[in-house]
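Before any comments, here is the structure.
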Amino acid sequence: MIRSHNFPVGTLMAVFILIGMILSVFPASATIFFEDGANRTVSDVYTLMNTTKPADDGRPIVFFYDPDCGSCIPAHEYLTTYIADHPGTPVEMVNLSYNQEGEDRLNDLLHTYHREWMNIPVMFIGPVALEGTDEIINGFEDVYSWYTGRTPAAMNIWDSFLKMLGFV
């Protein structure tokens, strides 16, 4: 005997809308990668920051986002607050919404960093790219400080590492 369940159409639509909203708020991917295109771990970034001198080679620090992207909003708010609290932080914010020039720049970086695809939000700081809300929020200050040769105030390497892991 086959049973059929009839759910009201409104209930099904509400479930699909709820699922869509949840997926739009949480990032689909969170990655750290270097210019060679390979995904890296927090440990790799920690090693880079502790074994190489700052590499500020004049490349701009660029953040790509879309204001309609749910996972972009917290990263954009974090960076906006950081820049307001630290005037002179040279982060270029590129809004990809209806911006062909911005999309072309992102595509150029896609090839420069040897990637087949990238998700937004994504941020490029010299040879390091932070992709995803958590990577940007947890890793920006440390990677930026390393890249520019500045030391975050009252933060030692161990605290920095724990912060990137999300423990601080």
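The values are calculated or read from the model by the stated rules, or taken from the named source; none is laboratory data. What you are looking at is a predicted structure, and each value in this text was computed from that prediction instead of being measured. Every residue, glycine as well, gets a Cβ built from its backbone with ideal geometry; the counts of neighbours run over all protein chains shown. Quick note on the areas: whole protein, heavy atoms, side chains included, nothing else; ligands and nucleic acids left out. Shrake-Rupley method; radii C 1.70, N 1.55, O 1.52, S 1.80 Å.
What the table below lists for this structure:
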item: Sequence of Arg59, Arg115 when ordered by accessible area, the most exposed leading, probe 1.4 angstrom; result: Arg59, Arg115
item: Environment charge at Gln100 (Cβ cut-off 14 Å; Lys +1, Arg +1, Asp -1, Glu -1); result: -4
item: R0 of 30 Å, Cβ-Cβ distance Asn107-Thr52: FRET efficiency to nearest 0.05; result: 0.60
item: Under 13 Å, Cβ to Cβ, from Cys69 - net charge with Lys/Arg +1 and Asp/Glu -1; result: -4
